[in-house]
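The values are calculated or read from the model by the stated rules, or taken from the named source; none is laboratory data. Every value quoted in this text rests on a predicted model; they were computed, and no experiment measured them. Here Cβ is always computed from backbone atoms with ideal geometry, including for glycine, and neighbour counts include all displayed protein chains.
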Amino acid sequence: MGVNPMDQISKIKQKILAQAPKDSSQASRSVRHRQTLVELVKEGGWIDERKFGVQVVGNSFRDWQGLLSLGPLGLRMLAKGKFPLFFEASEGTKEVRSLINAVRSHDPKSES
């Protein structure tokens, strides 16, 4: 029938993201999730889990209930030695940042 569901889903997703507020304090958690993921990878070449939870679940310290919900997970991670106290950018950060910027400059609909 000539219908490509993935193309249609992608178009709908782009329309939703285009209408979403750019201010992360107004954005839904799913939009914050995507924006934060891209920004953290751009910043350090991979995801800094410490910042990710605070920015997505805790809405950058605006959602205290969300922040408190991270407590048990954080304590378990600390107890098992899986919570990094320091974060170092990956060796390929410069290339990753360049790729993200290239994609954004090519697609005017992409988020900033």
**Report entry** Criterion: in a loop (DSSP other than H, G, I, E, B) and at pLDDT below 85 - qualifying residue of Ser110, Ser10, Ser105, Ser90
**Finding:** Ser110
Query raised in the report: Could you list, in sequence order, the residues of the stretch 49-74 that are of a type outside the set (A, V, I, L, M, F, W, C), more than 14 Å from Arg34 (Cα to Cα) and outside any helix (DSSP H, G or I)?
Result: Gly58, Ser60, Arg62, Asp63
Query raised in the report: Limited to the stretch 34-46, what total is found for residues that are more than 23 Å from Gln14 (Cα to Cα) and modelled with pLDDT of 85 or more?
Result: 3
Report summary line: Here the residues within the stretch 33-48 that are assigned to a loop (DSSP other than H, G, I, E, B), hydrophobic (A, V, I, L, M, F, W, C) and touching a residue at least 40 places away in the same chain (Cβ under 8 Å) are Trp46
Report summary line: The one condition Pro84 fails out of (1) of a type outside the set (Val, Ile, Thr); (2) assigned to a loop (DSSP other than H, G, I, E, B); (3) in contact with a helix residue (DSSP H, G or I) (Cβ under 8 Å, 6 or more places away or on another chain); (4) without any contact (Cβ under 8 Å) to a residue 24 or more places away in the chain is (4)
